Amino acid sequence: MMIKEFGGRVASVWDGLRPMTKKMLVGALQSSNPTPTSNKAPKFSYDAHADWEVSRLLTALDEQSRTKKVRKDRAKLAEIGQLAETCVRVLEAQTASAEVFIQLAERVIREHDYAKLDKLADLLDQRFSSGEIAEIVRQTDLPQIRAIAFETLALMPIPAILPLLDDHLYSGIAANALEQKAFEFDSDEARDILEQFDSESEMRGE
């Protein structure tokens, strides 16, 4: 596929990718269309910058796919969609970023693909830290995403939630998660910690 034919915005983002990220995406794209001589999925290194680059490219591809010109060209729309889905697969397999999770979740919500949303929710428990999950709650306004993040946080071990109580950005989110753990999951430990937190907050006048 010719990236330059996908529009100036996509071409600009692609040109700004590091060679290693381009190679990773090309390899992932080829592995989704295996040939008789390529029966093994390629392996690539992945870092936070690659995460940001792939996310940025996905945003540009999604924006381009919604333009009237592209929507009238089925072949080009299919090619853009193929590269976008490659980006999605890479991100789903690698990301542990709140921003990227929100991006992926918003996409499936727009598509009303709630089975895919459930699969994304599993990623939170498998790969994301409590801080990143709390950041998801803080950044999103969509109730579906907030509910998933809160439930995942409430199911985490209490020692993973406790440090968030000391962070002014996340203390309220952590308290809500502990409340859910205390009353919906009947955790006496969470109830005791929550009572202590509320008492200390009152003493500080919060």
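The values are calculated or read from the model by the stated rules, or taken from the named source; none is laboratory data. Remember, predicted model here, so these are calculated numbers, not experimental data. Backbone-built Cβ (ideal geometry, glycine too); neighbour counts: all protein chains shown. Accessible surface is based on the protein model in full, side chains and every heavy atom, while ligands, DNA and RNA are left aside. Shrake-Rupley method; radii C 1.70, N 1.55, O 1.52, S 1.80 Å.
In the stretch 89-107, which residues are farther than 16 Å from residue 127 by Cα and either of a type in the set (Lys, Arg) or open to solvent by less than 60 Å² (accessible area, probe 1.4 Å) (or both)?
Applying the first criterion (farther than 16 Å from residue 127 by Cα) to the stretch 89-107 yields 103, 106-107.
Listed by number, the residues that qualify are 103, 107.
In the list 60, 75, 121, which residue meets the criterion of being touching a residue at least 40 places away in the same chain (Cβ under 8 Å), part of a helix (DSSP H, G or I) and either out of contact with any Cys (no Cβ under 8 Å at 6 or more places or on another chain) or open to solvent by 70 Å² or more (accessible area, probe 1.4 Å) (or both)?
60
Return yes or no: is residue 20 under 14 Å from residue 93 (Cα atoms), at pLDDT 90 or above and not polar (S, T, N, Q)?
no
Have a look at 106, 132 and point out the one that is within 13 Å of residue 150 (Cα to Cα), modelled with pLDDT of 95 or more and out of contact with any His (no Cβ under 9 Å at 6 or more places or on another chain).
Details: 106 fails: within 13 Å of residue 150 (Cα to Cα).
Exactly one residue qualifies, and that residue is 132.
Can you tell which of 151, 135, 179, 189 is loosely packed, with under 12 Cβ neighbours inside 10 Å, in contact with a helix residue (DSSP H, G or I) (Cβ under 9 Å, 6 or more places away or on another chain), farther than 30 Å from residue 30 by Cβ and in contact (Cβ under 8 Å) with a residue 12 or more places away in the chain? First the steps, then the outcome.
Working: 151 fails: loosely packed, with under 12 Cβ neighbours inside 10 Å; 135 fails: loosely packed, with under 12 Cβ neighbours inside 10 Å; 179 fails: loosely packed, with under 12 Cβ neighbours inside 10 Å.
Result of the check over 151, 135, 179, 189: 189.
Run residue 80 past the list (1) open to solvent by 20 Å² or more (accessible area, probe 1.4 Å); (2) in contact with a Ser or Thr (Cβ under 7 Å, 6 or more places away or on another chain); (3) more than 16 Å from residue 128 (Cα to Cα) and report the number of the one that doesn't hold.
Failing condition for residue 80: (1).
Matching residues to (1) of a type outside the set (Ser, Thr, Tyr); (2) over 23 Å from residue 47 (Cα atoms):
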site: 99; (1), (2): yes, no
site: 117; (1), (2): yes, yes
site: 132; (1), (2): yes, no
site: 140; (1), (2): no, yes
site: 148; (1), (2): yes, yes
site: 158; (1), (2): yes, yes
site: 172; (1), (2): yes, yes
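Give me the pairs: first residue in the stretch 1-29 and open to solvent by 60 Å² or more (accessible area, probe 1.4 Å), second residue among the aliphatic types (A, V, I, L, M), beta-carbon distance under 6 Å, and six or more apart or on different chains, which are they?
Short answer, once both residue conditions are applied: 4/11; 9/60.
In this structure, does residue 121 turn out to be of a type in the set (A, V, I, L, M) and in contact with a Ser or Thr (Cβ under 8 Å, 6 or more places away or on another chain)?
yes
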